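Shown next, in structure tokens, is the structure this report addresses.
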Amino acid sequence: MCSVCGCGGSDHKHERDHDHGHDHGQDTARTHARRDSSGDLPRFTHAPGLSVRRMVQVEQDLLAQNQGYADRNRHSFEGRRVFTLNLMSSPGSGKTTLLVRTIEAMRAAGAVAVIEGDQQTDRDARRIGETGVPVHQINTGRGCHLDAHGVGHACAKLPIADHGTLFIENVGNLVCPAGFDLGEARRVVVLSVTEGEDKPLKYPDMFRAADAMILNKVDLLPYVEFDVDACCAHARSINPRLATLTVSATRGDGLWEWLAWLAAERARWERGCGPVSGAADG
């Protein structure tokens, strides 16, 4: 088991993948060290035999490697004016359904491509492919998030039009994806009303890292105990700049507000990109 986040990979595999440039969708960066009652010393870890110092070094190395790949991705996206969004959520929040509705609504507004991240299967990629847009599947195995290297490889295989939009649907997880920059322009966390309004308090890193929170499945509000105002207040207590949107991806409620946010954020992003380079490679 990996000492960094317990994803099932080994520390040696993480280092080997980074050193030699292999696909490393299982790379992770979370240190899990329990401490004794004094709060100072490690009592046990998720990787017996590795010291906490070694685990911290592995974490730092992985994040530094990932950041280098993310910076390259971002430079390419900005040079080609590809507006890139990282969609994150827990499993079952409805982000694939939301993505399908978004693609259908954006069809006339410009080219769209999608990178799909899941541990196993290409079910969501096939759903996205039915809309007619280019899509590339990344399966991470036991890995709990996408990383920038894997995204860069996917972009090399995916026909992404200059001045288009790239959606990256991350692996369903409210922890690990928050720590890994993919080179995206904006991060969006999708939370459904079936999950409980306290999720921003329980998983603050995810909501702190996001630019927007989409509260999905609002059509189910009559049937669940969920306080929309409390949820939004919790999220803004973690991240005061967070935009909050309420949506029903199945019924279409709030879809135009979401599309308007996308258009406004794209315009804001483009103003800060500098001259178009005309580069065509990812």
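About the Cα centre of segment 113-217, what is the dipole size in debye to 20, counting +1 per Lys and Arg Cβ and -1 per Asp and Glu Cβ, all else neutral?
I would put it at about 120 debye.
I'd like the carbon and sulfur percentage of the solvent accessible area for segment 210-264, probe radius 1.4 Å, heavy atoms only, ligands and nucleic acids excluded.
On the way: 1510 of 2710 Å².
Accessible surface attributable to carbon and sulfur in segment 210-264 totals 56 percent.
Counting each pair of different Cα atoms once, what's the Kirkwood radius of segment 99-148 in Å, rounded to one decimal? Let's see the in-between values first.
Working: mean 1/r = 0.0862 Å⁻¹.
Here the Kirkwood hydrodynamic radius works out to 11.6 Å.
Rolling a 1.4 Å sphere over the protein heavy atoms, what is the accessible area per residue of segment 179-270, to the nearest Å²? If you can, show how the numbers build up before the last one.
Numbers: 4020 Å² over 92 residues.
On a per-residue basis, segment 179-270 sits at 44 Å².
Carbon and sulfur atoms: what percent of the 1.4 Å accessible area of segment 43-193 do they account for?
C and S fraction of accessible area: 49 percent.
What is the distance, in nm, between label points placed 7 Å from the Cα along the Cα-to-Cβ direction at ASP229 and at ALA109?
About 3.0 nm, to one decimal.
Could you please report the charge total around GLY92, scoring K, R as +1 and D, E as -1 over all other residues with beta-carbon less than 10 angstrom from its beta-carbon?
+1
Per residue, how many Å² of accessible area does segment 85-162 show with a 1.4 Å probe?
Values: 3110 Å² over 78 residues.
Accessible surface, normalised per residue, equals 40 Å².
On the Cα set of segment 138-220, report Rg and Dmax in Å, please.
14.2, 40
Taking Cα pairs under 8 Å and at least six residues apart, what relative contact order does segment 184-254 come out at, in percent?
Answer for segment 184-254 is 37 percent.
The values are calculated or read from the model by the stated rules, or taken from the named source; none is laboratory data. Bear in mind that the values here come from a model prediction, so they are computed numbers and not experimental data. Glycine gets a Cβ as well: all are built from the backbone with ideal geometry, and neighbour counts include every protein chain shown. Side chains included, ligands, DNA and RNA excluded: accessible areas come from the protein's heavy atoms. Shrake-Rupley method; radii C 1.70, N 1.55, O 1.52, S 1.80 Å.
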